[in-house]
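Novice: A single structure is presented below for examination.
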Amino acid sequence: MDNQTELLKGIEKRIEANTVAIDVNKKATSELQSTINHQQKGNLRVTGLPEKDDENMRETIIGILTKVIPVSVDRLRETVDTVHRLGQRASAATSNNLPRAVIIQFGMRTVRDEVWKKSKEDFSKEDRLARTKLWPLVQEARSRGLLHVFM
């Protein structure tokens, strides 16, 4: 019996150590996610922009942004930090013909907020109606923890 008691105590100590490690891991994961979220606050995602060979995404995006907000090109060049597509370019065999999303990282959150506000105002009537119809589904998905962002 003593041998089994010793084994049981060893297993209990391992379980306790694993429980502590799991708690530490959860806390570290939460802190990392918080840091990532804070870093991404200055970002915007653009979808549906066709891909071209040898594209200069930064200049393309700055050209689009000058049409969205009335800011000089020079100011946008100072404010737009980096622009890049997400993921790797798909080969012709694996392509689903959907262009990769573009991430815009702004150096100033105020300019990002202005672009966000103006772009939300410019939805067509049909888009606004479609979004209004989808909103109850979005709220339901959020309440079940299935959706964080509605674009």
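Novice: Mind checking whether some residue in the range 61-84 is at pLDDT below 85, part of a loop (DSSP other than H, G, I, E, B) and not hydrophobic (A, V, I, L, M, F, W, C)?
Specialist: So far as the range 61-84 goes, yes, one or more of its residues are at pLDDT below 85, part of a loop (DSSP other than H, G, I, E, B) and not hydrophobic (A, V, I, L, M, F, W, C).
Novice: Based on what the data block shows, is Arg45 touching a strand residue (DSSP E or B) at 6+ places or on another chain (Cβ under 7 Å) and not polar (S, T, N, Q)?
Specialist: So Arg45 fits the description; yes.
Novice: Another one. Among residues belonging to the range 47-74 that are among the charged types (D, E, K, R) and in contact (Cβ under 8 Å) with a residue 12 or more places away in the chain, point out the one that is surrounded by the fewest Cβ atoms within 10 Å (Cβ to Cβ).
Specialist: Taking the range 47-74 first, the residues among the charged types (D, E, K, R) are 51-55, 58-59, 67, 74.
Filter once more, keeping what is in contact (Cβ under 8 Å) with a residue 12 or more places away in the chain: 51, 58.
Working: Glu51: 14, Arg58: 17.
For the range 47-74, the residue satisfying everything is Glu51.
Novice: Let me ask something additional. Which of the residues that make up the range 96-120 are among the hydroxyl-bearing types (Ser, Thr, Tyr) and open to solvent by 70 Å² or more (accessible area, probe 1.4 Å)?
Specialist: Thr110
Novice: Any chance you could count how many residues in the range 123-151 are modelled with pLDDT under 65 and surrounded by 10 or more Cβ atoms within 10 Å (Cβ to Cβ)?
Specialist: 3
Novice: Just checking, does the range 38-45 include any residue being in contact with a Ser or Thr (Cβ under 9 Å, 6 or more places away or on another chain), closer than 29 Å to Gln105 by Cβ and either part of a helix (DSSP H, G or I) or open to solvent by less than 90 Å² (accessible area, probe 1.4 Å) (or both)?
Specialist: yes
Novice: Then there is this: For Glu55, all conditions in the list (1) part of a loop (DSSP other than H, G, I, E, B); (2) in contact with a strand residue (DSSP E or B) (Cβ under 7 Å, 6 or more places away or on another chain); (3) not β-branched (Val, Ile, Thr) hold save one; what is the number of the exception?
Specialist: Looking at each condition in turn, Glu55 falls short on (2).
The values are calculated or read from the model by the stated rules, or taken from the named source; none is laboratory data. The structure displayed is predicted, hence computed values, not measured ones. Cβ sites come from the backbone with ideal geometry, for glycine too, and all protein chains shown count toward neighbours. What goes into the accessible areas is simple: the full protein's heavy atoms, side chains included, and nothing from ligands, DNA or RNA. Shrake-Rupley method; radii C 1.70, N 1.55, O 1.52, S 1.80 Å.
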